[in-house]
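Reading through the structure tokens given below for one structure.
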Amino acid sequence: MPQLSPLNWVMLFLMFWVVVIILSILIWWNKKNMFYLGHNKNKSVENKWFWL
């Protein structure tokens, strides 16, 4: 493996944690929206359309 400069190690370290944080935010956002959608199904909504 080639030797990396200290600046490259810092950039790799930062890039790794940015990816971890972005993935955790995306997972949290997905779980939050699914819970929110599931929570809305319990509410009774009047049908404004007169379709049969």
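FYI, it's all coordinate maths here, none of it is from the lab. Everything numeric here is computed off the predicted structure, so don't read it as measured data. In this analysis, Cβ positions are derived from the backbone assuming ideal geometry, glycine residues included, and neighbour counts consider all displayed protein chains.
Each residue, Leu4 and Ile21, gets one label point 7 Å from its Cα in the Cβ direction; the gap between the two is 1.8 nm.
Each residue, Phe13 and Lys48, gets one label point 7 Å from its Cα in the Cβ direction; the gap between the two is 5.6 nm.
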